[in-house]
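Chemist: Here's a structure for you.
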Amino acid sequence: MLREKLRVRIVVALFIVTTFVSAPLSALGQKASPVAPNRAQVEAVVREAYDKFRSDTSGKNADYIPYLAQVDSKLFGVAVVTTDNQVFTLGDIKYSFSIQSISKVYTLAMAMEEIGADKVFDRVGSEPTGRAFNSVFAVADMPSHTGNPFVNAGAIATTSLISGKNADEKWNKILDFYGRVAGEKLTLIDEVYKSEAATNTGNKALSMLLAKYERIYADPFESVDIYTKQCSVGVNVAQLARMGATLANNGKNPATGEQVIKAEDVPYILSTMTMAGLYDGSGGWAWHVGLPAKSGVGGGIVAVVPGKGAIAVFSPRLDEAGNSVKAQKVIEYVARKLDLNLFSPRSVGLKGE
């Protein structure tokens with residue numbers, strides 16, 4: 001009788017394990033948090049959000065970069081990637097859009113890898129400017145530093161920290177690094193690069209102003225050109241979600257297992273995303289959503305849930321700050337429904353009464 005009971009327990013245990021492994025989407029970090037949502041909750045809530053905002057036509061494409069103005073504004077994709085590399089996608093998931101300012105996150109990681117987090121902080125800073133991402137006045141008002149790595153001036157300064165014998169070597173290092181974070185080879189969208197390079201006089205002006213204050217660390221125009229290329233890298237929404245999940249997984253790519261980003265650098269990156277990840281809409285984002293995130297004027301936003309995973313959304317229509325309207329709404333909806341706000345005790349283990 002005892003042997004029969006033991007056999008039944010083994011069979012049940014094997015059934016549970018098999019069911020978990022074969023499921024299409026695991027819980028967001030189920031092993032890491034006692035209050036992580038289960039698979040069914042994640043799928044249901046993401047589908048709800050997708051359907052709820054699918055027909056939203058608020059905002060408009062970025063038009064100061066000619067290529068972006070021509071992107072189909074109806075495109076809409078959502079992807080979730082967990083720290084154990086489970087993937088769930090909806091919508092236009094194969095379309096490759098330009099990563100734009102989301103690239104700043106990963107060039108920051110590279111700079112810290114090369115010279116250390118403390119030196120990056122000393123040379124670039126990590127303070128919200130309270131101004132638009134391309135503000136000249138922000139640089140003039142803070143001549144002792146560039147603000148933070150996610151405004152354009154700070155991003156150009158960060159790019160200038162990347163070492164290399166020449167511009168091509170620096171650029172190839174950046175592109176290779178982005179691919180390792182995404183777990184797949186990424187490429188430059190040449191049309192985006194040419195479109196931006198023909199209209200980036202504002203960034204060139206910022207680079208020269210930085211040179212005046214000795215806050216850029218390589219040739220100013222070379223640094224702007226490399227920065228323009230990094231913004232023109234193409235990603236689809238699943239690749240972007242995996243780039244976020246790499247941060248959620250303490251710098252280790254959940255697909256390849258490679259420790260791409262130093263674990264000790266991840267908190268610095270996530271804190272900067274919280275303070276400045278959505279341009280001058282970052283404070284409202286922290287208030288309403290409470291997740292480290294980064295947007296790009298190409299229409300992408302990636303939000304990171306440390307220890308659990310990441311959600312990425314692509315939709316080209318932007319608000320006045322330069323953030324995808326639909327992406328913000330989807331991520332906020334999912335975060336609220338699943339209690340993923342990092343500032344809420346419920347999201348990290350303390351349930352309400």
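Chemist: Just to check your reading of the model, which residue among T129, T228 is at pLDDT below 95 and among the β-branched types (V, I, T)?
Modeler: Result: T129 is the single residue among T129, T228 that is at pLDDT below 95 and among the β-branched types (V, I, T).
Chemist: Taking the criterion of being part of a loop (DSSP other than H, G, I, E, B), β-branched (V, I, T) and over 19 Å from the mean Cα position of the chain (by Cα), would at least one residue in the stretch 182-190 satisfy it?
Modeler: Checking the stretch 182-190: not a single residue is part of a loop (DSSP other than H, G, I, E, B), β-branched (V, I, T) and over 19 Å from the mean Cα position of the chain (by Cα).
Chemist: Also, I was wondering about something else. Kindly evaluate V139 against the criterion of being part of a helix (DSSP H, G or I) and touching a Leu at 6+ places or on another chain (Cβ under 6 Å).
Modeler: In short, yes.
Chemist: Return the residues of the stretch 298-320 that are closer than 15 Å to K60 by Cα and free of Cβ contacts under 8 Å to residues at least 60 places away in the same chain; say none if nothing qualifies.
Modeler: E320
Chemist: Do you know which residues across the stretch 263-290 are at pLDDT below 95 and among the acidic types (D, E)?
Modeler: Result: D280, single match.
Chemist: Now for a separate question. Taking the stated definitions as given, is S55 free of Cβ contacts under 8 Å to residues at least 24 places away in the same chain and surrounded by fewer than 19 Cβ atoms within 10 Å (Cβ to Cβ)?
Modeler: So S55 fits the description; yes.
Chemist: If I filter the stretch 75-104 down to residues being among the charged types (D, E, K, R) and in a loop (DSSP other than H, G, I, E, B), which single residue comes out as modelled with the lowest pLDDT?
Modeler: D84
Chemist: Check whether at least one residue in the stretch 199-215 is part of a loop (DSSP other than H, G, I, E, B) and under 16 Å from L108 (Cα atoms), and report yes or no.
Modeler: Yes, some residue in the stretch 199-215 is part of a loop (DSSP other than H, G, I, E, B) and under 16 Å from L108 (Cα atoms).
Chemist: Look through A321, A293, A276 and report the one residue that is hydrophobic (A, V, I, L, M, F, W, C), over 20 Å from A79 (Cβ atoms), in contact with a Phe, Trp or Tyr (Cβ under 8 Å, 6 or more places away or on another chain) and crowded, with 20+ Cβ neighbours inside 10 Å.
Modeler: The unique qualifying residue is A276.
The values are calculated or read from the model by the stated rules, or taken from the named source; none is laboratory data. This one's a predicted model, so the numbers in the text were calculated from it and none came from an experiment. All Cβ positions, even for glycine, are placed from backbone atoms using ideal geometry, and neighbour counts span all protein chains on display.
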